[in-house]
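Worksheet for the structure shown next.
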């Protein structure tokens, strides 16, 4: 099989307006590669959270690039986000305890927890001035 048929890439501007385009790309490319719908949904949640973090906290200019890459293999899909923003390894981030009541809930801080709960594997690298976040979901063959 051609490895290229199992991968896709997209370059975005570091702008909130690009979130919809990124989600549409993910759904189209993952769907075309037979990723199960429930796993596309998990990747979509992770994409939105990770991309929102990049846009809100990385310090990137609006004209900076954020690169997305999707790789699909047997029973797994990995979405990679690459950006040139400030280094941030969310795999090492300390996560506050999950609130037990609405009164205990504070705004923010739950995105990393959500990413960890939706992804089967998270990996981070900082190479040559770029963040590389790899988000993997896995499924069982039917």
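The values are calculated or read from the model by the stated rules, or taken from the named source; none is laboratory data. None of the values given here were measured: they were computed from a predicted structure. Neighbour counts are summed over all protein chains in view; Cβ atoms, including those assigned to glycine, are modelled from backbone coordinates with ideal geometry.
A few points about this structure:
- Scanning the stretch 105-142 for residues that are farther than 24 Å from residue 41 by Cα, modelled with pLDDT under 75 and surrounded by 10 or more Cβ atoms within 10 Å (Cβ to Cβ) yields a single hit, 105.
- Only residues that are touching a strand residue (DSSP E or B) at 6+ places or on another chain (Cβ under 8 Å), surrounded by 16 or more Cβ atoms within 10 Å (Cβ to Cβ) and in a loop (DSSP other than H, G, I, E, B) were counted across the stretch 14-52, and they come to 3.
- Residue within the stretch 98-116 that is within 18 Å of residue 136 (Cα to Cα) and touching a strand residue (DSSP E or B) at 6+ places or on another chain (Cβ under 7 Å) present: yes
- Residue 67 vs. criteria under 14 Å from the mean Cα position of the chain (by Cα), more than 26 Å from residue 141 (Cβ to Cβ) and free of Cβ contacts under 8 Å to residues at least 24 places away in the same chain: no
- Checked against (1) surrounded by fewer than 19 Cβ atoms within 10 Å (Cβ to Cβ); (2) not in a loop (DSSP other than H, G, I, E, B), residue 70 passes all but condition (1).
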